[in-house]
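The values are calculated or read from the model by the stated rules, or taken from the named source; none is laboratory data. Predicted, not measured: the structure shown is a model, and the values here were computed from it. Positions of Cβ are generated from backbone atoms using ideal geometry, with glycine treated the same way; all protein chains shown enter the neighbour counts.
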Amino acid sequence: MAVAGWWADQRQATFAYLIEENRILRAHLRGRIRLTDDERRRLALLGHRLGHRRLGQVALVERGGRERRA
């Protein structure tokens with residue numbers, strides 16, 4: 001059980017870092033991000049696994065022609 005708790009803590013810390021990193025990068029980013037079809041597919045697959053609520057917290061690129069907000 002201790003290993004499972006440690007693993008959950010590591011995942012949570014990693015996720016918190018990525019959220020903050022995206023916020024910082026978003027503040028520095030100007031203009032539109034142009035993705036290839038392959039990049040879009042990869043993000044869609046990962047975003048689907050992540051879920052709508054979490055994706056809304058970390059998404060940096062547009063979805064369906066509308067900008068994502070955090």
### Query
Counting only residues that are of a type outside the set (S, T, N, Q) and in contact (Cβ under 8 Å) with a residue 40 or more places away in the chain, how many does region 20-51 have?
2
### Summary
Filtering region 9-39 for residues that are over 21 Å from Arg54 (Cα atoms), modelled with pLDDT of 85 or more and not hydroxyl-bearing (Ser, Thr, Tyr) leaves a count of 2
### Message
Please pick out the residue among Arg41, Arg54 that is assigned to a helix (DSSP H, G or I), over 11 Å from the mean Cα position of the chain (by Cα), surrounded by 10 or more Cβ atoms within 10 Å (Cβ to Cβ) and not aliphatic (A, V, I, L, M).
### Response
Arg41
### Message
Exactly one condition in (1) in contact (Cβ under 8 Å) with a residue 12 or more places away in the chain; (2) surrounded by 10 or more Cβ atoms within 10 Å (Cβ to Cβ) is false for Tyr17; which is it?
### Response
(1)
